[in-house]
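Input: a single structure, listed below in structure tokens.
The values are calculated or read from the model by the stated rules, or taken from the named source; none is laboratory data. None of the values given here were measured: they were computed from a predicted structure. Every residue, glycine among them, receives a Cβ derived from its backbone with ideal geometry; neighbour counts consider all protein chains shown. When the accessible area is computed, the model is the full protein with side chains, heavy atoms only, and any ligands, DNA or RNA have been set aside. Shrake-Rupley method; radii C 1.70, N 1.55, O 1.52, S 1.80 Å.
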Amino acid sequence: MLIGQDVTVVGGGIGGLAAALALARRGAKVSVLEQAPEITELGAGIQVSPNGWRVLQHLAVADAVAALSPRSEAVRLRDFRRGSQVFGMHLAAEEPWYLVHRADLVTVLAEAATAAGVTIRLGTRVTEVVPGPTGTVLTLPDGTQETHGLTVGADGLHSAARRALNRQSQAYFTGQVAWRCTVPATTPIAPEAHVFMGPGRHLVRYPLRNRRLVNIVAVEERDAWAAEGWTHRDDPANLARAFVDFCPEVRGLLDSVTEVFLWGLFRHPVAPVWQEHRLALLGDAAHPTLPFLAQGANMALEDAYVLARCLAEDDDIRDALTRYEALRRPRCARIVKAANDNATNYHLRPGPMRFAAHAALRAAGRFAPHAVTGRFAWVHGFDVTA
């Protein structure tokens, strides 16, 4: 039972705040420890697919997010040089798919969590986590130690909570880097996600904030290693040079970039251990994923719902956490693998393979568009709240 239970969530990102809200709505007394001095989210756009949107509906925040975010109507794959469409699919009206600015989603979740009674402690970084049978000891940068009860490690890619439960795992550089940025929308832009596919590179663009901004994510294969993380600035000229042979529409977008961030894409294994005693992992702390299925935030939202439900339905915390891991691990591992496998699908180089692949996509787009995307119905059609 969660009613009156003290719960501490380490990390105030999308997954941590969603978990805090879900737990508070089921009667828990929740505190969030967030290292940043204010609740914000670096980054730009995310795609909240139907499986993640169902969680936002359950948390009663979907309307607030929808008021700030365009609803995607289609996905279009386009040739890098000519800009011509290779494949297009209109999204079903009954399947909500929203194009959301991370900062907007974080703000909505933080406001809802505060209204539900969650306490958010800003500027509180946790450097070490030690789980035990009676509580979880958290160490702060000045050496101060605090003992908490049930603790949720939603502290992201370089999670102290993950280190407490697992040996240091080896991350592998994929040979790909990604830039991300936003630019003002100077002309009307359709509420669609467009993917420009080129040899060894691709670029995704879609609108944000009621189509006032354009979100750009650009991926390039290269030998030069780049650091992991979303806070490394780069020169916009480097991004423009990498895509100089793309169509005028893309080059025009990149010419207006004034600030851009670059990060290396690394493959991480799913954490072997997700929970012990009174500590559980959630989101990137448990299952970091590459961005090639747009499922990182959606998986964290699903985790938050399942964790709160398991804890509410079982009087024994250990049993509840064991059930949470058993329910979430197979699905998350499958999504991580699918994202890994999808990494090079947009990067085919000129030749027979690219010609055949694009011809097949064009034919599918004319005669059976849902046959292509249907192979991921297990991702987007899943309803964790059912």
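Of the residues making up the stretch 109-125, just one is more than 15 Å from Glu34 (Cα to Cα), touching a residue at least 60 places away in the same chain (Cβ under 8 Å) and either assigned to a helix (DSSP H, G or I) or not small (Gly, Ala, Ser) (or both), namely Ala112. Among the residues of the stretch 132-175, which ones are among the polar types (S, T, N, Q) and within 18 Å of Thr289 (Cβ to Cβ)? Hits for the stretch 132-175 are Ser159, Asn166, Ser169, Gln170, Thr174. I'd like the full set of residues that are within 19 Å of Pro141 (Cα to Cα) and open to solvent by 10 Å² or more (accessible area, probe 1.4 Å), limited to the stretch 29-58. Hits for the stretch 29-58 are Ser31, Glu34, Gln35, Ala36, Pro37, Glu38.
Of the candidates Val260, Val214, Val219, the single residue that is β-branched (Val, Ile, Thr), farther than 21 Å from Ser159 by Cβ and touching an Asp or Glu at 6+ places or on another chain (Cβ under 6 Å) is Val260. I'd like to verify a number: residues in the stretch 316-326 that are open to solvent by 40 Å² or more (accessible area, probe 1.4 Å) and not β-branched (Val, Ile, Thr), how many? The qualifying residues number 5. Looking only at the stretch 63-90, residues that are open to solvent by less than 20 Å² (accessible area, probe 1.4 Å), assigned to a loop (DSSP other than H, G, I, E, B) and not small (Gly, Ala, Ser) come to 2 in all.
Using the structure shown, decide if Arg329 is at pLDDT 95 or above and open to solvent by less than 70 Å² (accessible area, probe 1.4 Å). Yes; evaluated as a whole, the condition is true for this residue. Scanning the stretch 217-246 for residues that are among the aliphatic types (A, V, I, L, M), within 22 Å of Leu290 (Cα to Cα) and either open to solvent by less than 20 Å² (accessible area, probe 1.4 Å) or at pLDDT 95 or above (or both) yields Val217, Ala218, Val219, Ala226, Leu239, Ala242. Among the criteria (1) free of Cβ contacts under 8 Å to residues at least 24 places away in the same chain; (2) open to solvent by 40 Å² or more (accessible area, probe 1.4 Å), the one Thr139 does not fulfil is (2). Does Ala193 qualify as being among the hydrophobic types (A, V, I, L, M, F, W, C), touching a residue at least 12 places away in the same chain (Cβ under 8 Å), over 19 Å from Gly264 (Cβ atoms) and not in a strand (DSSP E or B)? Against the criterion (among the hydrophobic types (A, V, I, L, M, F, W, C), touching a residue at least 12 places away in the same chain (Cβ under 8 Å), over 19 Å from Gly264 (Cβ atoms) and not in a strand (DSSP E or B)), Ala193 does not qualify. The residue pairs whose first member lies in the stretch 247-275 and is open to solvent by less than 10 Å² (accessible area, probe 1.4 Å), whose second member is hydroxyl-bearing (Ser, Thr, Tyr), and whose beta carbons are closer than 7 Å, counting only pairs six or more residues apart or on different chains, are Leu265/Thr174.
Results for (1) buried (at least 18 other Cβ atoms within 10 Å of the Cβ); (2) more than 24 Å from Gly15 (Cβ to Cβ), shown as yes or no for each residue.
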residue	(1), (2)
His158	no, no
Arg180	yes, no
Pro188	no, yes
Gly198	yes, yes
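Here's the yes/no breakdown for (1) touching a Gly at 6+ places or on another chain (Cβ under 7 Å); (2) surrounded by fewer than 21 Cβ atoms within 10 Å (Cβ to Cβ); (3) on the phi > 0 side of the Ramachandran plot:
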site: Ala92; (1), (2), (3): no, yes, no
site: Glu95; (1), (2), (3): no, yes, no
site: Leu99; (1), (2), (3): yes, no, no
site: Leu105; (1), (2), (3): no, no, no
site: Leu109; (1), (2), (3): no, no, no
site: Gly117; (1), (2), (3): no, yes, yes
site: Val130; (1), (2), (3): no, yes, no
site: Thr134; (1), (2), (3): no, yes, no
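Looking across the stretch 292-315, the residues that are open to solvent by 30 Å² or more (accessible area, probe 1.4 Å) and closer than 16 Å to Arg26 by Cβ come down to Arg309, Glu313, Asp314, Asp315. Checked against (1) over 30 Å from Pro207 (Cβ atoms); (2) out of contact with any His (no Cβ under 8 Å at 6 or more places or on another chain); (3) surrounded by 17 or more Cβ atoms within 10 Å (Cβ to Cβ); (4) modelled with pLDDT under 95, Gln176 meets all criteria but (1).
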